[in-house]
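**Student:** Below are the C-alpha cells for one structure; questions will follow.
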Amino acid sequence: EADPAVCSHSRRAQLRLCLERLKGLVPLGAAAGRHTTLSLLTRARVHIQKLEDQERRALHQIEQLQREQRHLQRQLEKLGVERVRIDSISSSLSSERSDSDRGES
C-alpha cells in the first residue's frame, strides 16, 4: 500500500507542474511574475471564454461565407447557361448571314 504522505507530495508536485504549464498557455499580461493559483485559474477561465467567443464568431463567418459561395456558384451556373444560349444564338446568326451572303453572290 502506498504511503499517503508520498501520494500527497506527488499530487502537489503534479499540481505545480500543471499550473506551470497553464502559465505558459494563458496570457498573464503585466502580472506575469506575481500571481496566485486563483488569479491564474481566473485568467485561464477568461482566456477560454475569449477563445470560445472567437470560435463562435469564426464559425458564424464560415457559415456566412459558405452561403455567399453557394449564392455565387448559382449565379455563375446561371451565367454559364445564359452564355451558352448567347453563343448558340450568335453562331446561328452568323451562319444565317453567311448563307445570305452566299445567296447574293
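The values are calculated or read from the model by the stated rules, or taken from the named source; none is laboratory data. Everything quoted here is computed from the prediction, not taken from an experiment. Neighbour counts are summed over all protein chains in view; Cβ atoms, including those assigned to glycine, are modelled from backbone coordinates with ideal geometry. Just the protein is used for accessible areas: all its heavy atoms, side chains included, with ligands, DNA and RNA removed. Shrake-Rupley method; radii C 1.70, N 1.55, O 1.52, S 1.80 Å.
**Student:** Scanning for something of a type in the set (Asp, Glu), on the phi < 0 side of the Ramachandran plot, assigned to a helix (DSSP H, G or I) and open to solvent by less than 100 Å² (accessible area, probe 1.4 Å), does the stretch 19-34 turn up at least one residue?
**Tutor:** Taking every residue of the stretch 19-34 in turn, none turns out to be of a type in the set (Asp, Glu), on the phi < 0 side of the Ramachandran plot, assigned to a helix (DSSP H, G or I) and open to solvent by less than 100 Å² (accessible area, probe 1.4 Å).
To keep it simple, each residue is scored yes or no on (1) over 32 Å from the mean Cα position of the chain (by Cα); (2) within 30 Å of Leu25 (Cβ to Cβ); (3) aromatic (Phe, Trp, Tyr); (4) open to solvent by less than 100 Å² (accessible area, probe 1.4 Å).
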{"residue": "Glu52", "(1), (2), (3), (4)": "no, yes, no, yes"}
{"residue": "Arg57", "(1), (2), (3), (4)": "no, yes, no, no"}
{"residue": "Gln66", "(1), (2), (3), (4)": "no, no, no, yes"}
{"residue": "Ile86", "(1), (2), (3), (4)": "yes, no, no, no"}
{"residue": "Ser90", "(1), (2), (3), (4)": "yes, no, no, yes"}
{"residue": "Ser95", "(1), (2), (3), (4)": "yes, no, no, yes"}
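**Student:** Kindly indicate whether Arg74 is assigned to a helix (DSSP H, G or I), surrounded by 10 or more Cβ atoms within 10 Å (Cβ to Cβ) and modelled with pLDDT under 95.
**Tutor:** Answer is yes for this residue.
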